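Take a look at the structure set out below.
The values are calculated or read from the model by the stated rules, or taken from the named source; none is laboratory data. Quantities reported herein were computed from a predicted structural model and do not represent experimental measurements. Please note: Cβ atoms are built from the backbone with ideal geometry, for glycine as well, and neighbour counts cover all protein chains shown. To get the accessible areas, we keep the full protein, side chains included, count just its heavy atoms, and leave off ligands, DNA and RNA. Shrake-Rupley method; radii C 1.70, N 1.55, O 1.52, S 1.80 Å.
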Amino acid sequence: MREYNDLSELTADIVKHPMSLLFVKMANCGVCDATFEKTKELLQSYPQVPFMVASIEKLPSLSGEFLLFTAPTILLFREGKEVFRQSRIVVFGELERSIQLWGESL
């Protein structure tokens, strides 16, 4: 897991990896904290998927770059393109199916 404070570093890493997951959070957000822990636990089964974390407060340009309107938001990227997005209420079964589906050809 890596936390980003620079948008150019984040976008470069998204493009660099065949598949990656970006978790966007906010401070003082109970839903963000609970979802973060469940996401971290899920990704332990998928070590090939880098876990990237960014905070809206530390990196406000995230909102414009990825069209984010709320947190938590989970974005799954395959070869630099967004292939899955969920915000606020995350259905972890759908997230895991997407990781499996998009990760099959890695």
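Some observations on this one:
- Scan of the stretch 24-82 for residues that are within 18 Å of TYR4 (Cβ to Cβ), in a strand (DSSP E or B) and not polar (S, T, N, Q), ordered by number: VAL24, LYS25, PHE51, MET52, VAL53, ALA54, ILE74, LEU75, LEU76, PHE77, GLU82
- Of all residues in the stretch 83-100, those being of a type in the set (A, V, I, L, M), part of a helix (DSSP H, G or I) and open to solvent by 20 Å² or more (accessible area, probe 1.4 Å) number 0.
- Residues that are surrounded by 15 or more Cβ atoms within 10 Å (Cβ to Cβ) and either in contact with a strand residue (DSSP E or B) (Cβ under 7 Å, 6 or more places away or on another chain) or β-branched (Val, Ile, Thr) (or both), drawn from the stretch 27-46: VAL31, CYS32, THR35, PHE36, THR39, LEU43
- Filter pass, ARG78 being under 20 Å from MET19 (Cα atoms), in contact (Cβ under 8 Å) with a residue 40 or more places away in the chain and surrounded by 14 or more Cβ atoms within 10 Å (Cβ to Cβ): yes
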